[in-house]
1. What's the angle, to the nearest 10 degrees (0 to 90), between helix 2-27's Cα axis and the longest principal axis of the chain?
2. At 7 Å along the Cα-to-beta-carbon direction for both residue 83 and residue 16, put a label point, then send me their distance in nm to one decimal.
3. Between segment 66-85 and segment 4-18, what's the alpha-carbon centroid distance in Å?
4. What's the angle, to the nearest 10 degrees (0 to 90), between helix 40-51's Cα axis and the longest principal axis of the chain?
5. log₁₀ I(q)/I(0) of the chain at q = 0.12, 0.17, 0.26 Å⁻¹, via Debye over equal Cα point scatterers, no solvent, to two decimals?
6. Nearest 10 degrees is fine. How inclined is helix 54-80 to the longest principal axis of the chain, computing both from alpha carbons?
7. Helix-only mean residue ellipticity at 222 nm, the chain, DSSP H runs n ≥ 4 weighted -39,500 (n - 2.57), per residue, nearest 500. What is it?
């Protein structure tokens, strides 16, 4: 009985947090770059992107950040289990 009431309360809290987050996300625009697409800056950006591969730079940076984050997470875990000093 206690656990059923506790699970119902926790489910209510999760639903409430989800509703609030959904409301906040609903206030945001669909894309932060929509204003660039119809301007001359958007055309200039596409010409720059032809010579400087921005998308590749972003994907390489993302992979590097994930690798560094995994290294630090493993380092914290290894220190926690006293595997390293």
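Each reported figure results from applying straightforward, stated rules to the coordinates on display, with no laboratory input. Keep in mind the model is a prediction, meaning the values are calculated, not measured. Heads up, the Cβs are rebuilt from the backbone with ideal geometry, glycines too, and the neighbour counts pull from every protein chain shown.
1. That helix lies at roughly 20 degrees to the long axis.
2. 4.0
3. After rounding, the separation between the Cα centres reads 34 Å.
4. Result, in degrees: 90.
5. -0.84, -0.93, -1.11
6. Result, in degrees: 30.
7. So the calculated ellipticity at 222 nm is -27500 deg cm²/dmol.
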